[in-house]
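Encoded as structure tokens, the structure appears first; notes follow it.
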């Protein structure tokens with residue numbers, strides 16, 4: 001990041017300070033001395049291109065290309081970057097600049113903001129490229145194995161009476177007590193089932209008596225229709241258990257989530273969405289999985305758009321650096337993917 005930032009500032013100086021003094025050969029000077037000596041733009045360029053030039057050049061290339069390719073996303077990308085900086089200002093106040101310098105390596109707030117803006121466009125490009133690689137077989141496989149119908153679930157929650165200042169053994173005791181309450185509820189459901197009583201009515205009565213979820217205990221423990229897309233990962237154990245049940249069945253093992261311990265009753269199942277109605281969503285989810293699982297996707301994506309626009313680096317040294325950079329980036333991405 002520091003390399004990108006430093007040359008970016010140099011470019012800003014060169015491009016925005018008005019007419020520069022010139023050397024005898026007509027080249028512009030960026031530094032002058034008392035005795036009349038000067039340092040030229042060409043000298044500065046020759047020095048910095050071997051250290052900072054490539055990173056900044058790649059950013060300039062991507063900005064030029066992606067603002068054309070995703071012109072409808074430019075406003076949104078800028079607004080997202082602006083809102084991030086605004087939130088950082090609200091949380092850091094006068095310390096924002098020092099925080100940015102310390103944790104990102106950028107010298108100015110504006111430089112970091114510009115980085116966020118470009119990063120937004122790059123992420124858009126990577127996602128669109130990944131989506132273009134999704135096959136029909138991958139779409140169908142995702143639909144068959146990862147798309148679930150919404151299910152109506154009721155639950156009874158027992159939250160352990162654990163305090164932060166408790167000793168570990170005391171916390172364990174409270175957790176065991178909560179688990180025992182859930183086991184007690186399951187035993188009562190087993191008894192009702194044995195006696196051929198209405199399980200839904202029994203569950204409703206037990207929810208009112210036992211559940212510590214104030215939002216649902218007087219509503220039969222009703223969580224409404226749920227799905228993996230509706231509840232976050234903190235409730236994965238609950239959903240995993242719910243999808244193993246059939247309508248009308250209750251869980252017979254203690255289910256643990258961040259809220260505590262549960263017993264659940266699955267009541268109804270909606271029809272699964274038709275593939276044609278959710279195909280676009282599936283393509284995006286498969287693409288996101290590809291990006292997460294294959295680090296080379298990001299490299300290949302940006303390369304794709306650079307080639308699409310016929311990008312050619314005319315400076316031989318920078319062209320060589322770019323070629324080495326791409327090769328090394330792909331190698332590192334392949335190693336990262338293998339390690340994952």
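Quick test for you: out of 281, 253, 247, pick the one residue that is surrounded by fewer than 17 Cβ atoms within 10 Å (Cβ to Cβ) and touching a strand residue (DSSP E or B) at 6+ places or on another chain (Cβ under 6 Å).
247
Among the residues of region 174-209, write down those that are outside any helix (DSSP H, G or I) and under 16 Å from residue 249 (Cβ atoms). Give the derivation first.
Here is the first cut: in region 174-209, the residues outside any helix (DSSP H, G or I) are 195-198.
Once the filter is applied, which keeps residues that are outside any helix (DSSP H, G or I) and under 16 Å from residue 249 (Cβ atoms), region 174-209 yields 196, 197, 198.
Given the conditions (1) closer than 30 Å to residue 286 by Cα; (2) over 21 Å from the mean Cα position of the chain (by Cα), report the number of the one that residue 119 does not fulfil.
It is condition (2) that residue 119 fails.
Mind listing whichever residues of region 24-68 are in contact with a helix residue (DSSP H, G or I) (Cβ under 6 Å, 6 or more places away or on another chain), crowded, with 17+ Cβ neighbours inside 10 Å and over 20 Å from residue 314 (Cβ atoms)?
Selection gives 30, 66.
Is at least one residue of region 310-318 surrounded by 15 or more Cβ atoms within 10 Å (Cβ to Cβ) and assigned to a helix (DSSP H, G or I)?
Yes: one or more hits.
Results for (1) under 30 Å from residue 282 (Cβ atoms); (2) touching a residue at least 40 places away in the same chain (Cβ under 8 Å), shown as yes or no for each residue.
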site: 152; (1), (2): yes, yes
site: 182; (1), (2): no, yes
site: 196; (1), (2): no, no
site: 214; (1), (2): no, no
site: 221; (1), (2): no, yes
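Need at least 3 residues that are closer than 28 Å to residue 310 by Cβ per element, so show me which helices (runs of 4 or more DSSP H) inside region 22-132 make the cut, counting only ones lying wholly within it. Quick ask: steps written out before the conclusion?
On the way: elements: 41-48, 54-69, 74-92, 96-104, 109-132.
Helices (runs of 4 or more DSSP H) meeting the threshold: 41-48, 54-69, 74-92, 109-132.
Throughout, read-outs are computed from the coordinates displayed, never taken from laboratory work. These numbers come from a predicted model, not from an experiment. A quick note on method: Cβ atoms are made from the backbone with ideal geometry, for glycine too, and the neighbour counts reach across all protein chains shown.
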